[in-house]
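Derivation of every value follows stated rules applied to the coordinates shown; laboratory data play no part. Just so we're clear, the structure is a prediction, and the values are computed from it rather than from any experiment. Cβ coordinates were reconstructed from backbone atoms using ideal geometry, including for glycine residues, and neighbour counts include every protein chain displayed.
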Amino acid sequence: MSLEQVGKRAGVSIATVSRVLNGTATVSEPTRQRVLEAIKELNYAPSYAARALARHATKTLGVVFPDLDSGFYTEVLKGISAHAGEQDYEVVFAFGHSTTDGVRLVRQYVMERRVDALIVMNLQLPGELLDNLDTTRVPVVLMDRPADNDSGMVVAIDNKTGAYQAMQHLLGPCGVRDVAIITGPKDSTDSRLRISGCRQAAREAGVKLHASSLWHGTFREDSGFDAVRTRLEAGQRMPQAIFALNDRMALGAMDALRVAGLRVPDDVRIVGFDDEPVARHLGLSTVHVPMQEFGAKAVEAAVMQIRGESPPDDWDPIVRTRFVPRRTCGSED
């Protein structure tokens, strides 16, 4: 049974049958009913492939990321690419150097129907834009950034639990009472949730986190270096431990301590977040994020939306994290 036979039975074109099946354009109610009756009479069950052809599917997923400046993004992209291939999808990547640039790329991919679904990482898309994307029927998956409205699926990292576990280890087994936290950008959801996990662990341990304990960073390695260097140059005493909210900043902080002649972990303990490959080689205590699983989960969400499927009951949009103690906090696995 084919779309052509359904069209002939209903007295309409193949294009009209496709519109009824996919809801991609306005069709009058009498015409829609004729098509539905013909489908029922012919016992027509449109396959996924037929629906894809009818809506001019590209079998391509678009991915918009920030600058590729760390191993974290590289690993996530590996997960996206591998899982997309398993699902017979090609992937096109683009990198937004700013929020404005990212929004431009999103509009370009979606409005021109270059992709079947779009995966966006760490870009805060305005609710108005997401509303407009809804009308294009191109699914959007937001990675680790909540939507301003109910549009799109969100897959995320369990940031709070990971940070809680790391802070709990410093304040517990390590016996630390003085911890500085190098944060991410102020508008970062990741940073905000990780700080929340730190605060919870400190509260439970009876340790107060003062505003002076929060050192501003940008998730870039040089910001970790600068956060330590500026305080050393000002003659400030280093805390017992520094928890940098990503591995890049932790590496920068370690470098600044080395330049100053301070030893890790003897003088200052260091903890990061992400568990990039370099962290394992340097013995950096950190929070492990299953980065490739994170990328694969975004593809799962995109493909489910393309196919009009609901997530299985046991499908979890959150990837779980765990703290990995190594040399830099004075303890090993």
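At a 10 Å Cβ-Cβ cut-off, how would you order Val120, Val92, fewest neighbours first? Mind showing how you got there, number by number?
Numbers: Val120 27, Val92 13.
By the 10 Å Cβ count, ascending, the order reads Val92, Val120.
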Highest average packing first - 245-253, 309-317, Cβ atoms within 10 Å
245-253, 309-317
In the neighbourhood of Glu90 defined by beta carbon distances under 13 Å, the net charge of the other residues (Lys, Arg +1; Asp, Glu -1) is -1
Computed FRET efficiency, Cβ-Cβ of His210 and Asp313, R0 51 Å: what is it to the nearest 0.05?
0.70
Counting only residues 5 or more places away or on other chains, whose amide H sits under 5 Å from the amide H of Ile182 once H atoms are built in the peptide plane?
Trp215, Phe243, Ala244, Leu245
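Using 30 Å as the Cα-Cα cut-off, could you pick out the over-long pairs in Lys78/Lys186; Lys208/Lys297; Lys160/Lys297; Lys8/Lys297? Don't skip to the answer; put the middle values down first.
Working: Lys78/Lys186 28 Å; Lys208/Lys297 37 Å; Lys160/Lys297 19 Å; Lys8/Lys297 42 Å.
From the list (Lys78/Lys186; Lys208/Lys297; Lys160/Lys297; Lys8/Lys297), the Cα-Cα distance tops 30 Å for Lys208/Lys297; Lys8/Lys297.
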